[in-house]
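No lab work stands behind these numbers, since they all come straight from the coordinates. Keep in mind the model is a prediction, meaning the values are calculated, not measured. Don't worry about glycine lacking a Cβ; one is built from the backbone with ideal geometry, like all the others, and counts go over all protein chains shown.
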């Protein structure tokens, strides 16, 4: 594999659009709400199939989330589809008050999260979303790793009838989920068993963690790999077992490490079973560069994940 | 540890409908609907006086609240609940109900008094306003209070949610209407104008926004802070059918709120007086959230008893 490759694999927005159409065909309550983002959220097909059920409020994120709450009040099941930086940053108070505190079944879909917008810069990166939303009341926060998990999370979110946030990736990823995967909140998926060290990843980073585990294997290190797509609630049992059964934990996320997945796991383990940890993620607003460049810049590569894991074991 | 008998446990109890109050409210609605105009206004005025007394009592007992705005919005709320809204307090989740949203959620005491009058919960529960673990929070919570449609408090949230309700009615071809009351100061929040623009774009004729135009915000007049004028022109420019009325005239409120739905959203700028009904509170900016002393409470109740 080349050092960094983000050209191969699947854009989860495609699976998202297809699944949304399937859900809408089966359930007349399903509507899509967007902020002029028909193109970037891949909703062209949805608009064609269900013109009355696409609510495009224009470039107005606060109104978008408030409108979604009102639609839910009147019995509909809105999927809010908007670029994650603007959905979560601009409309955070609407997410808190209108959706989460009010308890409406709105599915917030943060499209093209993390640093998917590469060269467009920090204004268009959504690296704070996990920290903000983890702190926001009773909201389920999900970061699917591939198309199959994206579809499973959407099916769950509609059936769950509660506030949820799904991060829908644009950066291409390989399929990593086991056949027949169902999304269950609070349940992580162990993708690879291992006894020496545990790599916990979400979204785009899951495939890289698997790659890192293969590299570690070549060095004689047996790495467990966990996809912790359910960032909130966490799968406490699986993570505590990893802390007990392996000698260290490396977390990897395309988000700021302060307040995201790594923080969530560190908080859990600090109270219940302290473990050696390395928290990999985004550590500052990004310089100019492509997504692939920025992954390298912040050490979000299989090579660095493997190195950090090996170093963590060496320091013991 | 609290036991079932302690006042704390009583305050924390869930709110349930009051059948006797619902029966009284239904009789009042029927009388309002059947009465000639003069008698109708008499009934609504009496209802407003009752609500203002309840608000005073609630805020005085709790030691907190927003009495000035509660009194400016009282006649609007009373007209809606006693003469306009298609609701059934026995079925707060009835799908065909009209939606009512109080965007200026800090005037919760007035909303709670009106909801209790209609029997959504017993009036005795107003004594638990803001008490520890009470469902009657300082700002309304739909998950705890029957009759509340969405949780408001931060300003500029009610109109977008109301636009969502009205959009849902349009998409699903339902005939319920949506009414939202906005404070005038909160129109300084940009989210209102995002929503106003979109409501006109969709032609949401079953949506009515009522602006409680009391001309005062927390610490000063709106004109000295971030002037809203020309306010009717702004709504017209955003594509709304716009009316300007006396927000303390039940006759004018009833007339405009009873107009049939049109092809575009309707804005009603209701000119009001903050603190209306108690002479020493009227137009006093300090009464935004000042709590009356025992002597002021007694004097205010006496004025409201005349």
Would you check which residues across the stretch A:70-94 are surrounded by fewer than 23 Cβ atoms within 10 Å (Cβ to Cβ) and more than 7 Å from chain B (Cβ to nearest Cβ) and list them?
A:77, A:86, A:89, A:90, A:92
Residues that are within 14 Å of chain B (Cβ to nearest Cβ), closer than 20 Å to residue A:150 by Cα, more than 13 Å from the chain's Cα centre (by Cα) and in contact (Cβ under 8 Å) with a residue 12 or more places away in the chain: does the stretch A:106-113 have at least one?
yes
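Within the stretch B:194-228, work out how many residues are within 12 Å of chain A (Cβ to nearest Cβ) and closer than 27 Å to residue B:86 by Cα. Reasoning before the result, please.
Let us first name the residues in the stretch B:194-228 that are within 12 Å of chain A (Cβ to nearest Cβ), namely B:194-202, B:204, B:206-207.
Next cut, closer than 27 Å to residue B:86 by Cα only: B:195-202, B:204, B:206-207.
Count: 11.
Restricting the stretch A:48-57 to residues that are within 14 Å of chain B (Cβ to nearest Cβ) and part of a helix (DSSP H, G or I), which is nearest to residue A:84 (Cα to Cα)? Outline the logic, then answer.
Looking only at the stretch A:48-57, we keep the residues that are within 14 Å of chain B (Cβ to nearest Cβ), and these are A:50-57.
In the following step, the residues that additionally are part of a helix (DSSP H, G or I) were identified as A:51-53.
Details: A:51: 24, A:52: 24, A:53: 21 Å.
Top of the filtered list is A:53.
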Report, ordered by the first and then the second residue, all pairs with beta carbons closer than 7 Å, sequence separation of six or more or different chains, a first member in the stretch A:58-69 that is without any contact (Cβ under 8 Å) to a residue 40 or more places away in the chain and at the interface with another protein chain (Cβ under 7 Å from one of its Cβ atoms), and a second member that is surrounded by fewer than 24 Cβ atoms within 10 Å (Cβ to Cβ) and part of a helix (DSSP H, G or I).
A:62/A:90
Check residue B:77 against each of (1) under 23 Å from residue B:304 (Cβ atoms); (2) surrounded by fewer than 24 Cβ atoms within 10 Å (Cβ to Cβ) and name the one condition it does not meet.
(2)
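Looking for whichever is in contact (Cβ under 8 Å) with a residue 24 or more places away in the chain, under 24 Å from residue B:192 (Cβ atoms) and either over 10 Å from the mean Cα position of the chain (by Cα) or in a helix (DSSP H, G or I) (or both) here; the options are B:116, B:127, B:110. Which one fits? Spell out the reasoning first.
Numbers: B:116 fails: under 24 Å from residue B:192 (Cβ atoms); B:127 fails: under 24 Å from residue B:192 (Cβ atoms).
The conditions single out B:110.
Condition check: at the interface with chain A (Cβ under 8 Å from one of its Cβ atoms) and farther than 20 Å from residue B:18 by Cβ. Does residue B:130 satisfy that?
For residue B:130, the condition - at the interface with chain A (Cβ under 8 Å from one of its Cβ atoms) and farther than 20 Å from residue B:18 by Cβ - is not met.
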